[in-house]
Amino acid sequence: MSRSRVNVWVLVVGLLITAPFVYVLASGFGKDPHAVPSVLEGKPAPDFSLVDMDGNPVALSSLAGSPVVLNFWSTWCQPCKIEHPLLQQAPAVFPDVKFYGIIYADQTPAVRRFLDQSGQRYPHLVDPGGRTALDYGVAGVPETFFIDRYGQIVAKHVGPLSPDSLRYAVDLTRASAPPKSTP
Amino acid sequence: MKALLFVLVLALTARANGPEVEPELPPPGAPPAAEEVEALTREIGAGLRCPVCQGLSISDSRAEAATMMYDRTRELVAAGYDEDQIRDYWVARYGEWVLLEPEGKHWLVWVAPGMGLGLGLGWLAVVVSRWRKEPDEVPLPSEVGLVERDPYEKRLLDEIDN
Amino acid sequence: MISILGRTLVLAALAFAAAGAVTGFAAGASHSPRGYAVTRACAVGFGVSSILANLLMIYALVTHDFSVHYVAEVGSRATPLYYTIISLWASLNGSILFWAGVLGLYVVALAVGYANKHREYMPYTLAVLQSVCVFFALLVASIANPFAPVSPVPLDGPGPNPLLQNHWLMAFHPPTLYIGYVGMVVPFAMGCGALLAGRLEAGWIAPLRRWTLVPWAFLTVAIMLGGWWSYEVLGWGGYWAWDPVENASFMPWLACTAFLHSAMVVERRGTLKTWSLVLLLSTFLLTLVGTFMTRSGVFNSVHSFTQSDIGPVFLGFIAVCLVWSVGLLALREHTLVGAPSRGSVKPVSRETMILAQNVAFTVFTLMVLLGTIYPLMKEAYDGTRLSVGEPFFEKWALPLGTVIVFLMGVGPALPWGGADGAAGTRRLAAPVAGGLLVPAIAYATGLHGPASLLALGVSAFALVSAVRELVEPVLARRAAKGESLGQATVKVITRTHRRVGAHIAHLGVIMTTVALALSAGYQQSVDVTVKKGDTFELAGFVATFTGAVEIQEPHRSAVGAEFTLTRDGASVGTSSPRLNYYPRMREPVGTPAVYSTPSGDLYLSLMQVAPGGASASVRVLWTPAVVWLWVGVVIMSLGGLLSAVPSPRRRAAPVVAPAPGAAT
């Protein structure tokens, strides 16, 4: 009577459900669930034509031929202020790369006050309605896009840049090959 | 073995890969009446995910990023783009992640509950037919008095005793 | 000092739990009364040490002893006493300690309450229970040690997470949730006890059902409090977003509710034992998965407060429990032989409806589980991210919910064993009439949404059925025994509280369903920016912006916008939504102002105040019937508790039931 009789059916179905389940839960470790993935890496960068704080027009298409770094930021964002000094030095460290700040959801006077204090070492573009930010799929600030000389997005960095991550991404962008084909 | 099966299951759902980057929107249709724009926007926005709050739709969230997306969606609606075009527009920029409702190609997530329902109903039918075939109740002597009563009253007493 | 004392208590708890688990299994196998006595003593030892450890932590928090790691992490001198006490569960390590404390309460209650009863099951039950205790005590003793000493001792701390100290509901939602969540370990252990003992008889099903109903009732209210909290705090005007954390609390509830119903079939007919145990074990496993979802940082969520490296350890525990449950079922299922046949069951019967209810609840549970983990599955498979959100869940939840409410009306109307066609039809005539009449009236008075009308229809159907179930026995008693209406009512409630409680819970479900249908279907909203003195109008209310105020409190600062409200011309008071600024948070946390009325809530959520308070932007919502959602869920829970009250041993057979042995 009490000789153990294994219910194979329960065993097999149970394990078939539970083992993949644990596997899936385990696969989530080490990934940031809050990070929004970029679908734009390796794709042509969306064009824009904006004006900078001094009213000069800037269009991405006119910058072809040199690597471009676009940094979306705002004055209400603490991590942006953390990475700001690094970006201030960047144009001098990487003279062949064009740096642009794009202001994200902010008031122009607040930006002007902030830049007056820190000094403006590279142009900052006003983005009415956040249209350019939306085209780039920006979810929050800071986000930084690295665009190669052929106008492709090579990398996207979410969160404040460190000197290493900046150098790494810039090197990647400089070394980027021309797009394969597509007329 | 388990891993293999798992991969098989998933392979059934995998075909979709990255959307086109720059959707060339076809010329918009006729713009909706001005008073319909807000309702349409709210409806379409309810299916789009706010990128910073993560759980909520851009219609529900008033976070900065959601507001910008919502305003842009309203512009697109007012210009006469339809829901599919607007969804494609956002998928091209934020990825499929932006859709709160997985598209039809992820049919597994849609169909699996239905399969569960089918299996469940099948099981129900089997159990019920087995119950039905069980030999008819032989009332205990003490129950005889009950059984002879009006069936409803028997049930009632049954309940009260419960 | 407190660090050392705390650590001692935690280690004592660990030792008691480990010893109790070992002796419990041994006593179960050898039927040794002495071994069982030791097991119970260990259970009490664990309970007392873990409860004392919690009290000690509260003492450390209240006295601002920043030499204790957890106090340094969540304490602050500026935080009001009230929030200081509840910050016991404000952060990960404290919440695991609290978990162990609640576990202790249950363990003691079970060990003392059933000291001399259910001797075949109890040693195994306590053994499984204490094995779970070992895991939590280990966590508290090692990677989640809240008592770790801090050196140098900081002078002040950062205070608890602002979201947790923003609303009084936060004092109730987490403990209620823990009592519900942690409590599910008891029926799990009792179910394992039945499998290990190799028997599951009506004598064990009754306490099992009772010990399931208690955590179920708390979990029910906790889910509602969570929704209410997000309604009152998050400022978007909704109460449920199918967020992973919300789903985490909902899934065990679904599985548990299914079990409570299938257990009746086990009691009545002696069948469905294995299936009921699957539901029961799943309930506990789903609470573990839910905890993992909140604590591991693997899922994203509006309120995943706590991220940590505890995830892998916890997942390991989940894996062990899964393997244990599957293995135990597979190895021991054959011991649960069904009772001898109680006769054939017609297809149209109470049993069939309960089975259908089980199918609906199980599919519902699996749907929520799949929707919640599908993004993870997809990412594990090809690295792409996608979302499964509200639109997906609602497409499944609406039809399943409708079916469930419908079955709730059919089931109680049918007798056990089944009715023949004509009798069944007669029983259903009145509910059907109600189910058609109410939507017709609603339609005539201007409600036109098909989903809402359908929800109203099934609710009315189930309402007629439930009310009849409550009223009929009273009338029958009155007629049969000549008692007064009051007497008969009291007698029916006290003598048959178990089924009365169940029908009261069903009434709560109906109220909740109606409130859900109306609040989701007829919400109105508008976003406005108003200057001082401006007014706006919504749903018969006129609000006038009278100005902004700045508020300074020790732990936060805030801006508020003041509105006066009139409804249909009569002044009804003021409304002051505010935005709170905490030193630790970049973005403000809102406190929407909710003006509740029985017919609905006027909800003002402040978005922005212009510098100087010249203008304010608010989102305004009118949500009908929300209050009844909270009330309905509370009724549901109270009905469950009433049903859980143990029956007094029935003395001589009451006159109405001539055959005491006939049905139990």
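The values are calculated or read from the model by the stated rules, or taken from the named source; none is laboratory data. It should be emphasised that the depicted structure is a prediction, and the values quoted were computed from it without experimental measurement. Backbone-built Cβ (ideal geometry, glycine too); neighbour counts: all protein chains shown.
Does A:ALA90 qualify as being surrounded by 19 or more Cβ atoms within 10 Å (Cβ to Cβ) and on the phi > 0 side of the Ramachandran plot?
no
Listed residues C:ALA206, C:ALA263; which is farther than 19 Å from C:ILE96 by Cα, in contact (Cβ under 8 Å) with a residue 60 or more places away in the chain and among the small types (Gly, Ala, Ser)?
Going through C:ALA206, C:ALA263 in turn, the sole match is C:ALA206.
Please go through the stretch B:64-122 and give me each residue that is of a type in the set (Phe, Trp, Tyr) and more than 7 Å from every other protein chain (Cβ to nearest Cβ), ordered by number.
The answer is B:TYR70, B:TYR81, B:TYR89, B:TRP90, B:TRP107, B:TRP110.
If you scan the stretch B:51-89, which residues turn out to be touching a helix residue (DSSP H, G or I) at 6+ places or on another chain (Cβ under 7 Å), touching a residue at least 40 places away in the same chain (Cβ under 8 Å) and of a type in the set (S, T, N, Q)?
Across the stretch B:51-89, the qualifying residue is only B:SER57.
Of everything in the stretch B:90-126, what is assigned to a helix (DSSP H, G or I), within 30 Å of A:ASP135 (Cβ to Cβ) and in contact (Cβ under 8 Å) with a residue 40 or more places away in the chain? Give them in sequence order.
B:TRP90, B:VAL91, B:ALA92, B:TYR94, B:GLU96, B:TRP97, B:VAL98, B:VAL109
So, in the stretch C:374-424, exactly how many residues are hydrophobic (A, V, I, L, M, F, W, C), closer than 25 Å to C:VAL471 by Cα and in contact with a helix residue (DSSP H, G or I) (Cβ under 7 Å, 6 or more places away or on another chain)?
Residues of the stretch C:374-424 that are hydrophobic (A, V, I, L, M, F, W, C), as a first pass: C:376-377, C:380, C:386, C:388, C:392-393, C:396-398, C:400, C:403-408, C:410, C:413-414, C:416, C:419, C:422-423.
In the following step, the residues that additionally are closer than 25 Å to C:VAL471 by Cα were identified as C:403-408, C:410, C:413-414, C:416, C:419, C:422-423.
Adding the requirement that they be in contact with a helix residue (DSSP H, G or I) (Cβ under 7 Å, 6 or more places away or on another chain) leaves C:403-408, C:410, C:413-414, C:416, C:419, C:423.
Counting residues in the stretch C:374-424 that are hydrophobic (A, V, I, L, M, F, W, C), closer than 25 Å to C:VAL471 by Cα and in contact with a helix residue (DSSP H, G or I) (Cβ under 7 Å, 6 or more places away or on another chain) gives 12.
List the residue pairs whose Cβ atoms are under 9 Å apart, where the first residue sits in the stretch C:353-364 and is of a type in the set (Gly, Ala, Ser), the second is assigned to a helix (DSSP H, G or I) and buried (at least 24 other Cβ atoms within 10 Å of the Cβ), and the two are 6 or more positions apart or on different chains.
What qualifies is C:ALA360/C:ALA258.
Residues in the stretch C:487-508: is at least one in a strand (DSSP E or B) and either outside the structural domain of C:ASN580 (by TED's automatic domain parsing) or at positive phi (or both)? Talk me through it step by step, then tell me what you get.
We begin by selecting, within the stretch C:487-508, every residue in a strand (DSSP E or B); these are none.
No - not one qualifying residue is present in the stretch C:487-508.
Among C:GLY6, C:GLY45, which is closer than 19 Å to C:PHE135 by Cα, free of Cβ contacts under 8 Å to residues at least 40 places away in the same chain and in a helix (DSSP H, G or I)?
Numbers: C:GLY6 fails: free of Cβ contacts under 8 Å to residues at least 40 places away in the same chain.
None of the other options fit; the residue is C:GLY45.
Consider C:ALA29 carefully, then state whether it is touching a residue at least 60 places away in the same chain (Cβ under 8 Å) and in a helix (DSSP H, G or I).
Working: touching a residue at least 60 places away in the same chain (Cβ under 8 Å): no; in a helix (DSSP H, G or I): yes.
For C:ALA29, the condition - touching a residue at least 60 places away in the same chain (Cβ under 8 Å) and in a helix (DSSP H, G or I) - is not met.
Name the pairs: first residue in the stretch C:388-402 and facing chain B (nearest Cβ under 7 Å), second residue crowded, with 19+ Cβ neighbours inside 10 Å and at pLDDT 95 or above, Cβ to Cβ under 8 Å, at least 6 apart or on different chains?
C:TRP396/C:PHE364; C:TRP396/C:MET367
Identify the residue in the stretch A:93-151 that is of a type in the set (D, E, K, R) and buried (at least 17 other Cβ atoms within 10 Å of the Cβ) and, among all such residues, is nearest to the other protein chains (Cβ to nearest Cβ).
Filtering the stretch A:93-151 for residues of a type in the set (D, E, K, R) gives A:96, A:98, A:106, A:112-113, A:116, A:121, A:127, A:131, A:135, A:143, A:148-149.
With the extra rule that they be buried (at least 17 other Cβ atoms within 10 Å of the Cβ), the set shrinks to A:98, A:106, A:127, A:135, A:143, A:148-149.
Working: A:LYS98: 22, A:ASP106: 9, A:ASP127: 10, A:ASP135: 6, A:GLU143: 11, A:ASP148: 15, A:ARG149: 18 Å.
Only one residue tops the list, namely A:ASP135.
Could you tell me which of the residues C:GLY383, C:GLY421 is at positive phi and either at pLDDT below 95 or within 14 Å of chain B (Cβ to nearest Cβ) (or both)?
The conditions single out C:GLY383.
Within the stretch A:159-174, work out how many residues are closer than 17 Å to A:ALA45 by Cβ and surrounded by fewer than 19 Cβ atoms within 10 Å (Cβ to Cβ).
Here is the first cut: in the stretch A:159-174, the ones closer than 17 Å to A:ALA45 by Cβ are A:169-170, A:172-174.
Going one step further and asking which of them are surrounded by fewer than 19 Cβ atoms within 10 Å (Cβ to Cβ), we end up with A:172, A:174.
Summing the residues that are closer than 17 Å to A:ALA45 by Cβ and surrounded by fewer than 19 Cβ atoms within 10 Å (Cβ to Cβ) in the stretch A:159-174 gives 2.
What single numbered condition from (1) touching a helix residue (DSSP H, G or I) at 6+ places or on another chain (Cβ under 9 Å); (2) of a type in the set (Ser, Thr, Tyr); (3) outside any loop (DSSP other than H, G, I, E, B); (4) within 12 Å of chain C (Cβ to nearest Cβ) fails to hold for B:SER129?
Exception for B:SER129: condition (1).
Got a number for residues in the stretch C:522-533 being charged (D, E, K, R) and either free of Cβ contacts under 8 Å to residues at least 24 places away in the same chain or assigned to a strand (DSSP E or B) (or both)?
Keep residues of the stretch C:522-533 that are charged (D, E, K, R), which gives C:527, C:531-532.
Now restrict to residues that are either free of Cβ contacts under 8 Å to residues at least 24 places away in the same chain or assigned to a strand (DSSP E or B) (or both): C:527, C:531.
The qualifying residues number 2.
Considering the stretch C:57-87 alone, what residues qualify as being among the charged types (D, E, K, R) and out of contact with any helix residue (DSSP H, G or I) (no Cβ under 7 Å at 6 or more places or on another chain)?
C:GLU73, C:ARG77
State all residues of the stretch C:512-543 that are surrounded by fewer than 17 Cβ atoms within 10 Å (Cβ to Cβ) and polar (S, T, N, Q); if no residue qualifies, say none.
The answer is C:GLN524, C:THR529, C:THR535.
Given the condition among the aromatic types (Phe, Trp, Tyr), under 30 Å from the mean Cα position of the chain (by Cα) and either over 22 Å from C:VAL345 (Cα atoms) or away from chain B (no Cβ under 14 Å) (or both), answer yes or no: does some residue in the stretch C:429-449 qualify? Let's see the steps before the verdict.
Narrowing the stretch C:429-449 to residues among the aromatic types (Phe, Trp, Tyr): C:443.
Still in the running and under 30 Å from the mean Cα position of the chain (by Cα): none.
Within the stretch C:429-449, not a single residue is among the aromatic types (Phe, Trp, Tyr), under 30 Å from the mean Cα position of the chain (by Cα) and either over 22 Å from C:VAL345 (Cα atoms) or away from chain B (no Cβ under 14 Å) (or both).
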